[in-house]
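S.K.: Okay, here's the structure, questions in a sec.
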Amino acid sequence: MVAAKRPSFGPCTLSILSSILTDTIALDSVTHAYDTESGKLPVLNDLSIKVAQNAFTAVVGPSGCGKSTLTRLIAGLMRPDEGTVWLAGEQVRSPRSTVGMAFQNPVLLEWRTILDNVLLPLEIVKNSLSRSQREARAKDLLALVGLAGFEDKRPSELSGGMRQRASLCRALVHNPDVLILDEPFGALDAFTREDLWQAMHDLRRQEPFTALLITHDLRESIFLADEVVVLSGRPATAQYVLSVDIDPTNGSHRTLDDLYTPGASEMLATLREQIRIAQGDAPKAAPGGN
Amino acid sequence: MLRKIAVPLGAVLVFLVFWEWLVWVNGWPNYKMASPSDLIPAYAKFWDLFLIYGWQTLWRTVAGLLLAIIVGVAIGMVMGLSKTVRDGLYPLLVGFNAIPKATVVPVVALMFVGAHDMNTILIAFMISFFPIAVSISIGLSTLEPEYRDILRSLGASRFTIFRKIALPKTLPEFFGALKVAVTLAFIGTNLMEIVEPHGKGLGHLFDSGKISADYPLMFAVLIALAVLGILLYYVVVLLEQIFAGWAERAET
């Protein structure tokens with residue numbers, strides 16, 4: 001098992017520089033606080049996270065610890081009070097079109113068909129594709145997540161899981177370098193969720209992207225990610241980093257069976273322990289308690 | 001399709017028969033309550049006037065309504081996009097809306113003496129812009145932040161977000177308010193025509209009926225106003241189906 005590592009910066013500036021240039025997502029000592037009526041509410045404290053190119057990192061932590069703030073900072077929708085956010089070696093100062101986002105709420109536009117919803121980013125982001133090329137691209141993605149034949153339906157005609165699939169296609173249609181997922185599977189039932197985990201792996205095999213997933217589901221985090229970052233309670237900092245080490249039982253890619261191996265159980269136990277610490281309960285602190 | 005026309009038409013017929021029966025069974029004289037059969041001669045006698053005055057009422061109502069749409073949408077937009085403006089304007093708007101428009105009629109009539117068309121349009125506008133402004137402002141201010149974020153995270157401008165998301169998303173609310181505004185605008189037009197008679201519109205015809213004690217004519221005017229109201233209402237319904245038909249869920 002991987003030991004907890006608090007990324008420590010300081011004298012080794014050169015190594016920071018090199019990591020910023022090679023990693024696709026790099027948060028460097030980010031500190032952020034919200035202004036509230038009762039003063040400053042710190043949410044992130046000296047948080048550093050690095051995601052290598054085409055890697056998949058999951059972020060877990062107690063609720064209300066600033067995970068969504070993290071996504072807004074990476075997307076450039078907000079700027080941190082202190083520290084810097086880097087995307088592909090460039091400092092993030094404003095939103096950029098190389099990012100795709102999906103939220104817990106699929107936020108599809110009800111007045112558009114599924115196809116037109118998926119095409120939306122291509123209407124904003126500069127690209128040289130013709131109308132037919134765009135449609136072909138969107139239809140390919142929809143087929144990849146099992147929505148072939150639903151192109152002309154309205155969002156209200158689709159189930160929650162199907163809407164979330166369409167929302168993933170929209171996040172990916174403009175070929176973003178970075179995919180930011182803010183609990184996109186959180187509101188779905190267990191079976192649909194597992195289906196979508198598979199769809200996520202399929203998408204990744206088809207066209208690699210760098211992803212940062214915010215989730216509350218520990219099984220989801222180890223099934224999808226290469227690395228899981230546990231955030232501490234608010235103000236959040238990176239408390240623990242787990243390298244997910246799953247040997248796919250069927251050889252080529254992860255299946256749900258891989259979640260029921262001793263190795264996976266051990267990783268889940270470690271994560272649960274870390275979450276407990278983050279929530280402020282020392283593990284088995286009070287004898288007989290809890 | 002046949003059902004869609006036959007059912008409301010049948011309901012109107014049932015209503016007319018019930019009305020006729022009610023007058024007949026109570027033996028009401030026509031100055032107390034005219035019956036539908038009294039209206040036919042009234043229409044026959046004054047048909048030309050109904051066409052001329054009906055047109056005057058209709059175009060002035062539509063003009064007032066268009067003005068209400070332009071001003072209402074503009075006010076709703078600034079209120080929906082800025083909380084400061086919303087906080088500042090709401091009490092003013094509510095207060096203005098609370099003033100009975102019948103009391104404003106003489107004020108406006110004095111303000112622009114002789115400009116009858118303008119006065120009438122102004123009252124129709126004043127009485128009908130409020131629901132439009134409120135619906136647009138609520139539609140814009142309740143837009144979930146995620147809707148904005150999906151476009152903003154791609155670097156879209158405020159205007160693009162407004163055009164592609166906020167505007168279409170508010171359309172159903174806008175048409176809901178417009179349906180209310182249509183009937184209100186008719187009330188406004190007729191208030192002016194009746195309270196400050198200037199020889200134009202169905203309100204004037206109503207007033208003539210009152211002066212000459214022609215009670216069936218007064219009832220005939222009321223029915224004519226109702227017919228115009230229904231007409232304009234369904235024009236709005238048609239526009240709604242064209243521009244915001246997506247909001248209507250398929251029957252299951």
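S.K.: Need a quick list: helices (runs of 4 or more DSSP H) entirely within the stretch B:100-199 having at least 1 residues that are over 21 Å from the mean Cα position of the chain (by Cα), more than 11 Å from chain A (Cβ to nearest Cβ) and aromatic (F, W, Y).
M.R.: Output list reads B:158-161.
S.K.: Also, I was wondering about something else. Which of the residues that make up the stretch B:144-178 are under 21 Å from A:M78 (Cβ atoms), open to solvent by less than 20 Å² (accessible area, probe 1.4 Å) and not aromatic (F, W, Y)?
M.R.: Selection gives B:D149, B:I150, B:L151, B:S153, B:L154, B:A156, B:I161, B:I165, B:A166.
S.K.: Output the number of the condition that A:W197 fails; it satisfies all remaining conditions of (1) under 19 Å from the mean Cα position of the chain (by Cα); (2) closer than 14 Å to A:T113 by Cα.
M.R.: Unmet condition: (2).
S.K.: Go over the candidates A:T270, A:T261, A:T210, A:T249 one by one and state the one that is under 15 Å from the mean Cα position of the chain (by Cα) and either buried (at least 22 other Cβ atoms within 10 Å of the Cβ) or not assigned by TED's automatic domain parsing to the domain that holds A:C169 (or both).
M.R.: Among A:T270, A:T261, A:T210, A:T249, only A:T210 is under 15 Å from the mean Cα position of the chain (by Cα) and either buried (at least 22 other Cβ atoms within 10 Å of the Cβ) or not assigned by TED's automatic domain parsing to the domain that holds A:C169 (or both).
S.K.: Now for a different question. Mind telling me which of the residues A:S156, A:S63 ends up being out of contact with any Ser or Thr (no Cβ under 7 Å at 6 or more places or on another chain), open to solvent by 30 Å² or more (accessible area, probe 1.4 Å) and modelled with pLDDT under 85?
M.R.: It is A:S63.
S.K.: Something else: Tally the residues that are over 24 Å from B:S128 (Cβ atoms) and within 22 Å of the chain's Cα centre (by Cα), restricting the search to the stretch B:211-244.
M.R.: So the count comes out to 3.
S.K.: Hey, A:D195 hits all of (1) surrounded by fewer than 21 Cβ atoms within 10 Å (Cβ to Cβ); (2) part of a loop (DSSP other than H, G, I, E, B) but one; which does it fall short on?
M.R.: (2)
S.K.: If you don't mind, another one. Pull out all pairs, ordered by first then second residue, where Cβ-Cβ is under 8 Å, the residues are six or more apart or on different chains, the first lies in the stretch A:141-158 and is away from chain B (no Cβ under 13 Å), and the second is surrounded by fewer than 16 Cβ atoms within 10 Å (Cβ to Cβ).
M.R.: A:L142/A:A148; A:L144/A:D202; A:L144/A:Q206; A:V145/A:D202
S.K.: Any chance the stretch A:233-241 includes a residue that's surrounded by fewer than 16 Cβ atoms within 10 Å (Cβ to Cβ) and in contact with a Gly (Cβ under 8 Å, 6 or more places away or on another chain)?
M.R.: no
S.K.: A further question on this structure: I need the strands (runs of 3 or more DSSP E) fully contained in the stretch A:26-133, keeping only those with at least 2 residues that are more than 14 Å from chain B (Cβ to nearest Cβ).
M.R.: A:39-51, A:56-60, A:82-87
S.K.: In addition: List the number of the failed condition for B:V104; all other conditions in (1) more than 30 Å from B:I40 (Cβ to Cβ); (2) open to solvent by 30 Å² or more (accessible area, probe 1.4 Å); (3) β-branched (V, I, T) hold.
M.R.: Going through the list (1) more than 30 Å from B:I40 (Cβ to Cβ); (2) open to solvent by 30 Å² or more (accessible area, probe 1.4 Å); (3) β-branched (V, I, T), B:V104 breaks only (2).
S.K.: Only one of (1) under 18 Å from B:L171 (Cα atoms); (2) free of Cβ contacts under 8 Å to residues at least 60 places away in the same chain; (3) open to solvent by less than 60 Å² (accessible area, probe 1.4 Å) is not met by B:I132, so which one is it?
M.R.: (2)
S.K.: Answer with yes or no whether B:F186 is closer than 21 Å to B:E248 by Cβ and buried (at least 20 other Cβ atoms within 10 Å of the Cβ).
M.R.: no
S.K.: Being touching a helix residue (DSSP H, G or I) at 6+ places or on another chain (Cβ under 8 Å) and open to solvent by 10 Å² or more (accessible area, probe 1.4 Å) is the filter here, so list the residues in the stretch A:138-153 that pass it.
M.R.: A:K139, A:L144, A:G146, A:A148, A:F150, A:E151, A:D152, A:K153
Condition check ((1) within 30 Å of A:S265 (Cα to Cα); (2) more than 20 Å from the chain's Cα centre (by Cα); (3) at pLDDT 85 or above; (4) surrounded by 12 or more Cβ atoms within 10 Å (Cβ to Cβ)) across all residues:
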residue: A:A3; (1), (2), (3), (4): yes, yes, no, no
residue: A:P11; (1), (2), (3), (4): no, yes, no, no
residue: A:L14; (1), (2), (3), (4): no, yes, no, no
residue: A:I25; (1), (2), (3), (4): yes, no, no, yes
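The values are calculated or read from the model by the stated rules, or taken from the named source; none is laboratory data. Because the structure is predicted, anything quoted here is derived from the model rather than measured. Neighbour counts are summed over all protein chains in view; Cβ atoms, including those assigned to glycine, are modelled from backbone coordinates with ideal geometry. Please note that ligands, DNA and RNA were not included when accessible areas were found on the heavy atoms of the full protein model with its side chains. Shrake-Rupley method; radii C 1.70, N 1.55, O 1.52, S 1.80 Å.
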